[in-house]
Amino acid sequence: MLYVLLILLLLVASRIPDSDESPLAALERTAFDLQVRFLRSQFAQPLANDVVLIGIDEGSEEAFTEPVALWHGHFARLLLALKDARPLAIGVDVVPPERSYDGIVPGLDLTLFRAIREARQSAPVVFALTVDREGRAARMHPTFARVLGEGGLGLDQQLKDPDAVSRRFSESELGQSRAARTLVGQMLRAVGKPVDSGYIDYSIGARVEYVPMQDVIAWKAAGEDALLERAFAGRMVLVGYVNKRSDRWQLPVQLIDIDGVQGPERFNQPGVITHLQALRSHVARGLIHPVSDDVRWGICLLVGALVFLHFGLASALAGALGLTAVAFAGGAYAIREHQTLLPIAWITFTLWTGFITRAIVDGIESSLERGRLKRTFAGQVSPAVMNEMLAGGLSPGVSGQLADVCVLFSDIRGFTTLSERLPPAVVTAVLQRYFDRMVKAVHHHDGTVDKFIGDGMMVLFGAPRKSADPCADAVQCALAMMDELDDLNGDFESEGLPTLTIGIGVNFGSVTVGNIGSSERHNYSAIGDAVNVAARIEGLTKDLGRKILVTGAVVERLGDRFRFEPLGTHEVKGHSPVQVWGIRTGQP
């Protein structure tokens with residue numbers, strides 16, 4: 001039943017409100033971001049012959065004072081400089097104009113057209129093609145379209161997830177009626193590389209450093225052909241805006257630092273950086289591919305089998321934390337070594353939901369079982385013993401351990417004679433009412449009723465639950481028992497029943513406590529000399545005319561907190577003489 005519940009929770013979390021905007025989809029995106037950031041910070045992998053970025057920055061605008069629409073001559077000089085450097089391919093993330101400006105500067109268009117044709121003799125050249133609000137290709141000057149041709153134009157668009165972050169590359173998803181031809185895809189096709197679909201590998205490549213456009217032009221003007229060749233030969237080159245006013249895309253990582261900002265704003269990067277990383281992914285190890293739906297469900301169903309195991313809540317939380325860390329590390333490894341995206345959020349959700357659900361159900365079942373045991377054994381064992389049993393503090397079977405405890409014995413004087421004079425039903429009723437009062441006092445002072453011995457009672461203080469001051473608990477309990485007896489005797493007298501007199505003996509010492517008896521029949525109790533002495537001095541109460549007697553071991557630990565009276569040393573059966581003390585009722 002729990003397994004079915006877990007599967008239903010997975011279905012709900014992955015489908016509401018829909019598969020792309022569901023809580024699990026959002027968690028998967030977060031997991032991907034964290035993994036690639038972790039890989040970049042801990043396992044950086046610079047690329048040989050990395051993609052080179054030529055940036056149009058504020059310095060470019062200062063160097064070239066004309067409006068950007070009239071920069072045809074500067075772009076022409078840039079392309080001619082790159083032509084001699086023999087790059088692998090050139091991508092220009094600058095949208096060609098929709099009209100001619102020859103009327104302003106005669107020959108401006110022709111200068112750029114010639115430069116494009118000459119640059120293509122050395123490497124493919126692809127310009128960006130933007131789209132309007134309706135998703136249609138923006139208008140372009142017809143001559144530019146003829147010069148560049150279908151292979152020389154590529155959309156400057158990228159996929160965006162529901163949270164507006166660009167993580168994936170897919171021309172088929174980007175196109176509406178048919179697969180789109182992107183700037184990145186056109187550059188790859190031009191050099192004979194396949195165009196893939198999947199997650200962009202943001203973990204590869206060093207932090208992006210760009211070469212300002214004006215510097216490239218200056219190198220060529222200064223005859224620095226060797227410098228141009230070292231910078232661009234055999235490498236893919238992207239030209240794009242990196243100034244602070246350029247269009248920005250939200251990325252999972254920070255690839256370039258041109259703003260000097262911290263926090264989430266640092267992931268707001270120039271659009272050309274997205275193209276650059278998509279190119280890096282293709283030419284390096286390839287895009288990252290998520291596992292199929294069947295594999296994802298198979299992994300989660302396997303992980304969900306943990307729900308059949310039983311855990312305490314603390315163990316469940318610790319296990320979920322540990323396995324979440326393992327899943328995260330395994331996911332990062334799969335990205336780095338196999339270009340595979342594991343469903344970390346699905347796995348983590350299954351882990352936590354399964355663990356916590358199992359722990360909650362086990363807790364409810366345990367609570368119900370504890371309640372059943374308490375109802376079943378109520379009155380048969382002391383609450384302190386029951387709590388220790390339920391908490392696992394008592395070892396099963398016959399066992400024992402040493403403990404320093406205070407032992408109290410009480411007994412009704414002359415009860416045998418009393419029981420001979422009264423009907424059995426009355427004797428039973430009197431005894432029950434008496435023990436109800438006495439046990440109430442014992443439990444109020446954290447005592448444990450060890451056993452009832454006819455009309456007598458043996459009580460432990462300091463076991464099974466330890467006490468900071470067992471002797472004080474025992475003496476206060478003895479005084480409370482006398483108060484309870486006085487009240488009870490008042491009731492008996494008004495009802496025409498005989499009143500009771502009791503004697504109490506209290507001793508402190510080391511005893512063996514635990515499950516005493518045989519392997520088939522045993523109960524929690526205490527044995528030892530301290531128990532015997534407590535029983536013997538309770539027998540002295542009648543001879544000494546005292547209601548409560550305590551030993552020197554008890555007085556030694558309590559000092560003057562109670563009104564003790566020394567009564568000398570007395571012989572007790574089976575033991576050396578014991579010094580006993582009386583106690584007056586009330587506190588000093």
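The numbers here are math on the coordinates, done by the rules we state, and not lab data. Note that the structure is a prediction, hence the values are computed from the model and not measured. Heads up, the Cβs are rebuilt from the backbone with ideal geometry, glycines too, and the neighbour counts pull from every protein chain shown.
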Quiz item: Ranked highest first by average number of other Cβ atoms within 10 Å, how do 316-324, 527-535 line up?
Solution: 527-535, 316-324
Practice problem: For segment 48-283, count the residues as N, evaluate 2.2 N^0.38 Å, and divide the Cα radius of gyration by that value, please. | Solution: 0.97
Quiz prompt | All-pairs Cα distance distribution in the chain, expressed in whole percent, bin size 10 Å | solution = 3, 13, 16, 12, 8, 7, 7, 7, 8, 8, 6, 4, 1, 0
Exercise. Quick one: grab the alpha carbon gyration tensor of segment 209-335, order the square roots of its eigenvalues as a ≥ b ≥ c, and give me rounded if a/c is under 1.5, else prolate or oblate depending on whether a/b is larger than b/c.
Key: prolate
Quiz prompt | Surrounding net charge for L53, when Lys and Arg each add one and Asp and Glu each subtract one, Cβ distance under 12 Å | solution = -1
Quiz item: What does a probe at H289 reach in segment 176-215, counting residues whose amide N is under 17 Å from the point 7 Å along Cα→Cβ?
Solution: 194-201
Quiz item: If you find the alpha carbon centre of segment 461-505 and of segment 239-291, how far apart are they in angstrom?
Solution: 81
Quiz item: How long are the three semi-axes of the equivalent ellipsoid for segment 397-583, computed from the Cα gyration tensor as the root of 5 times each eigenvalue, in whole Å, largest first?
Solution: 26, 21, 16
Exercise. With everything on Cα atoms, drop me the angle between helix 271-283 and the longest principal axis of the chain, reported from 0 to 90° to the nearest 10.
Key: 90
Quiz item: Of the beta bridges DSSP finds with both residues in segment 48-283, what % are antiparallel, to the nearest 5?
Solution: 25
Self-check item: Within the chain, longest stretch clear of exposed GluC sites (Glu not before Pro) (DSSP loop, no more than 15 other Cβ within 10 Å)
Solution: 210-519
Quiz item: Quick one: if the Förster radius is 35 Å, what FRET efficiency do R99 and A221 give, using the C-beta to C-beta distance and rounding to 0.05?
Solution: 0.75
Quiz item: How large is the charge dipole for the chain, taken about the Cα centre, if only the Cβ atoms of Lys, Arg (+1) and Asp, Glu (-1) carry charge, to the nearest 20 debye?
Solution: 1100
Quiz item: At a Förster radius of 22 Å, what calculated FRET efficiency corresponds to the Cβ-Cβ distance of E495 and R413, to the nearest 0.05?
Solution: 0.60
Self-check item: Contact order relative to length of segment 48-283, as percent, for alpha carbon pairs under 8 angstrom and 6 or more apart
Solution: 31
Quiz prompt | the chain, relative contact order in percent, only Cα pairs under 8 angstrom and at least six apart counted | solution = 12
Quiz prompt | Total charge dipole magnitude, segment 397-583, about the Cα centre, Cβ charges on Lys, Arg, Asp, Glu only, Debye to nearest 20 | solution = 300
Self-check item: Computed [θ] at 222 nm, deg cm²/dmol, the chain (DSSP H ≥ 4; -39,500 (n - 2.57); rounded to nearest 500)
Solution: -15000 deg cm²/dmol
Quiz item: At a Förster distance of 25 Å, what's the computed FRET efficiency of I364 paired with L321, Cβ-Cβ distance as r, to 0.05?
Solution: 0.65
Quiz prompt | Distance (nanometres) between label positions extended 7 Å along Cα→Cβ at T30 and D469 | solution = 5.2
Quiz item: Leaving out same-chain residues fewer than 8 places away, which lysines sit with a Cα under 17 Å from that of K547?
Solution: none
Self-check item: Simple label model, 7 Å out from Cα along Cβ direction - F435 to D163, nm
Solution: 6.6
Exercise. Excluding residues on the same chain fewer than 8 positions from K440, give the lysines whose Cα lies under 17 Å from its Cα.
Key: K451
Quiz item: Which whole-number percent gives the relative contact order of segment 397-583, counting Cα pairs below 8 Å spaced six or more residues apart?
Solution: 26
Self-check item: aspartates and glutamates with Cα under 17 Å of K573, excluding same-chain neighbours fewer than 8 positions away
Solution: D529, E538, D543
